[in-house]
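The values are calculated or read from the model by the stated rules, or taken from the named source; none is laboratory data. Because the structure is a prediction, the values reported are computed rather than measured. Virtual Cβ from ideal backbone geometry, glycine too; neighbours counted across all protein chains shown.
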Amino acid sequence: MSNDSKGLAIITGTSTGIGAVYADRLARRGYDLLLVARTEARLSAVAERIARDTGRSAAILRVDLADPAQLAAFAARVETDPDLTLFVNNAGMSLHGTLASSMKRKCSSSWP
């Protein structure tokens with residue numbers, strides 16, 4: 001983390017769209033970043049651009065938050081990071097079918 005940092009901001013869903021905009025704005029406000037998304041190539045491109053344009057640290061972590069094992073590992077990382085100052089949960093996921101039928105399938109497959 002940089003000496004003049006406001007702390008670490010972890011932002012999920014940062015490979016495109018709103019998440020990438022949040023990352024850019026927070027870096028410009030003095031936060032170092034940990035960018036989290038499923039697509040490593042796009043995530044790397046966003047991190048490189050932010051680091052170049054703002055001079056802030058922008059690390060990446062490829063995680064599929066829809067995968068229970070990857071989610072658990074990510075949660076453990078977040079819970080134990082002493083530098084964490086801000087967390088933006090911007091990740092999304094898609095469901096197939098109607099909301100009711102998709103949620104029923106998702107819940108029954110995720111919970112014991």
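Reported count of residues in region 60-69, each being surrounded by 15 or more Cβ atoms within 10 Å (Cβ to Cβ) and either within 15 Å of Y31 (Cα to Cα) or without any contact (Cβ under 8 Å) to a residue 24 or more places away in the chain (or both), is 1. Quick test of your reading of the structure: A20 fulfils all but one of (1) surrounded by 19 or more Cβ atoms within 10 Å (Cβ to Cβ); (2) farther than 20 Å from K6 by Cα. Name the failing condition by number. All conditions pass for A20, except number (2).
Residue count for region 28-43 under the criterion of being of a type in the set (G, A, S) and touching a strand residue (DSSP E or B) at 6+ places or on another chain (Cβ under 6 Å): the result is 0. Considering region 8-43, the residues that are touching a residue at least 60 places away in the same chain (Cβ under 8 Å) and either of a type in the set (S, T, N, Q) or touching a Phe, Trp or Tyr at 6+ places or on another chain (Cβ under 6 Å) (or both) include one that is farthest from L84 (Cα to Cα), namely T14.
Check L95, L99, L71 and return the single one that is farther than 13 Å from L35 by Cβ and at pLDDT 90 or above. Please lay out each step first, then the result.
Details: L95 fails: at pLDDT 90 or above; L99 fails: at pLDDT 90 or above.
On inspection, the qualifying residue turns out to be L71.
Selection of region 39-83 for residues being of a type in the set (D, E, K, R), out of contact with any Gly (no Cβ under 9 Å at 6 or more places or on another chain) and outside any strand (DSSP E or B) yields E40, R42, E48, R49, R52, D53, D64, D67, R77, E79, D81.
Tallying residues that are among the polar types (S, T, N, Q), touching an Asp or Glu at 6+ places or on another chain (Cβ under 9 Å) and either surrounded by 15 or more Cβ atoms within 10 Å (Cβ to Cβ) or in a helix (DSSP H, G or I) (or both) within region 1-17 yields 2.
Restrict the check to region 11-19 and report whether at least one residue is touching a Lys or Arg at 6+ places or on another chain (Cβ under 9 Å) and among the aliphatic types (A, V, I, L, M). No - not one qualifying residue is present in region 11-19.
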